[in-house]
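Below you'll find the structure, written out as structure tokens, and then a few comments.
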Amino acid sequence: MSWHPQYRSSKFRHVYGKAASKEKCYDCVPITHNVHDNHFCAVNPYFIAVVTECAGGGAFLVIPIHQTGKLDPHYPRICGHKGNVLDIKWNPFNDFVIASCSEDATVKIWDIPKHLLTRNITTPKKELLGHVRRVGLIEWHPTANNILFSSGYDYKIMIWNLDSKDAVISNPVKILDIHKDVVLSMSFNTDGSLLATACRDRKIRLIDPRAGAVLQEASYKSHKVNKVLFLGNMEKLFSTGTSRWNNRQIALWDQNDLSMPLLEEDLDGSSGLLFPFYDSDTHMLYVVGKGDGNIRYYEISPEKPYLNYLMEYRSHLPQKGIGMMPKRGLDVSSCEIFRFYKLIPTKNLIEPISMIVPRRSESYQEDIYPMTTGAQPALTAGEWLNGVNKGPVLVSLRPGSGDMNSLPQFFEPELVAEMPGLSQNQGEGEEIPADKTQNPSEIADGRRQMKLEEKSLEKEQTCLTNGFDVFERPPPKTESELLQVLYRQQDEIRRLQELINQRDIQIKQLQLELRNVYMDTGRY
């Protein structure tokens, strides 16, 4: 067992899990009974997708995230596969594109309409044909746009470039034929330059995917690995599996030396798989048990004891699969730092579970929400394939920042007020010193920023399509929901006031710059 200090200072030591109320769950969802060890659920800020039971092929549901309650039994499905769907993943840079893989040995890319589905979708946007046996895993590249990895029961990992205009792609850009058995798990490091895999031959491999070379290989016999995960930029790997005595086990590895684990700990004697999730912003690790209702969470530190146990969320309802909301979809007003979507097939229910940091203040808590991964790619597919590495594009979760939808970044009002030549005390008749004036190209950039901001506001106001708005929440039913709506409206008013202040400051800046330009031309 790992050593847990009796007293330890941490802002996350009191994090607790809170299950959603019945009316905020998704009821009557026919969750798949497939025994494949995958999540069977994928979530983004607009939709929740879940693999469902289907006769005569494979299908999955895509439900608007705010459409909670009972699901219509005739709700349309995405049902183009000829075999059971084994994995689904949303494109991290496009919330309306999802990939799926199936027992029919194909990978399909689907466009999800922004309006409410009215009929089944059977024709994919793209179809990827390359595997000769069923495809069990798919992963999008974390920083490069339109790069998808797929792993099949032919023991091969294929890399696909979706920038191709062809509807059917038969030639992957790279085939990694380095495994001797089925790949059970894939995980990327932060910039996507390295790939870690867990294989049924009990080995963890660290791979350079572009070169197709194995950099490190772990063949530690007392740990039978099932899932492996990169721990952000800490140069460590985390794995879950079973011990020699078939106890569920977790292990921590040094990325540069996989000969022996840094830490090894038996959890319990249950037989279900353990799904690991890591939040690189808070350095918190979540371990979700399949077949039970428990979620254990830890805090990772760079020095010993590395793994610090925090607490455990317990429920009597066992989960078959689990989905995770990206950070940009969390409710920062309630200090939510993580959100799971728990699949409960015994009740045909999807239950959201929020991990919350208890705070008294209702204001934005900047210390628990650092800059996080946004929805904008850092690289094109061609750049990554040519050897370029870049970390993810970071955004702020502060309400009203406008960064979460990959919009251009603007100065915060406090920062603008502190810039040279922009103090609130300057009158219109005062001149900005010549060494602090901006050149015409910078003035043009400022104008372009204002135009982009106006377009983004117009886009927010015109998000209704075909009479249904996927961004709109259902009307409040209780007093607490009514208060939440009021708080959201107050936040929106404050955001608009900040935008107005920014615009006033930018106008004043441009006026002063124009006046200086006229005075300079008059001198000569």
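Hey, rough spin-label estimate for ALA213 and ASN501, points 7 angstrom out along Cα→Cβ, what's it come to in nanometres? Roughly 5.4 nm, to one decimal. On a per residue basis, the stretch 16-378 carries 39 Å² of accessible surface, using protein heavy atoms and a 1.4 Å probe.
Using a cutoff of 8 angstrom between alpha carbon atoms and counting only pairs six or more residues apart, the relative contact order for the stretch 16-378 works out to 14 percent. Taking only C-alpha pairs under 8 Å that are 6+ residues apart, what is the relative contact order of the stretch 155-266 in percent? Contact order relative to length: 17 percent.
Let a ≥ b ≥ c be the square roots of the eigenvalues of the Cα gyration tensor of the stretch 16-378; is it rounded (a/c under 1.5), or, if not, prolate (a/b larger than b/c) or oblate? Rounded. When the trypsin sites (Lys or Arg not before Pro) in the stretch 156-207 are filtered for DSSP coil states and for at most 10 other beta-carbon atoms within 10 Å of their beta-carbon, the remaining sites are LYS165, LYS180. Of the chymotrypsin sites (Phe, Trp or Tyr not before Pro) found in the stretch 235-317, the ones in coil according to DSSP and having at most 15 other Cβ atoms within 10 Å of their Cβ are TRP245.
A Förster radius of 22 Å combined with the Cβ-Cβ distance from SER9 to GLN365 puts the calculated FRET efficiency at roughly 0.80.
Taking every C-alpha pair closer than 8 Å and separated by at least 6 residues, the mean separation divided by the residue count of the stretch 6-127 gives a relative contact order of 20 percent.
Ordering 390-396, 51-57 by mean Cβ neighbour count within 10 Å, with the highest value first, yields 390-396, 51-57. Among the trypsin sites (Lys or Arg not before Pro) in the stretch 40-91, those located in a DSSP loop and surrounded by at most 14 other Cβ atoms within 10 Å of their own Cβ are LYS82. Once you reduce the stretch 105-176 and the stretch 181-247 to the center of their Cα atoms, the two points are 23 Å from each other. The modelled label-to-label distance between THR118 and GLN484, using points 7 Å beyond Cα along the C-beta direction, is 3.0 nm. Under the simplified labelling scheme, the LEU262-ASP331 pair shows an inter-label distance of 3.5 nm, with each label point 7 Å from Cα along Cα→Cβ.
The values are calculated or read from the model by the stated rules, or taken from the named source; none is laboratory data. None of these values were measured; they are calculated from a predicted model. Positions of Cβ are generated from backbone atoms using ideal geometry, with glycine treated the same way; all protein chains shown enter the neighbour counts. Heavy atoms of the whole protein, side chains included, go into the accessibility calculation; ligands, DNA and RNA do not. Shrake-Rupley method; radii C 1.70, N 1.55, O 1.52, S 1.80 Å.
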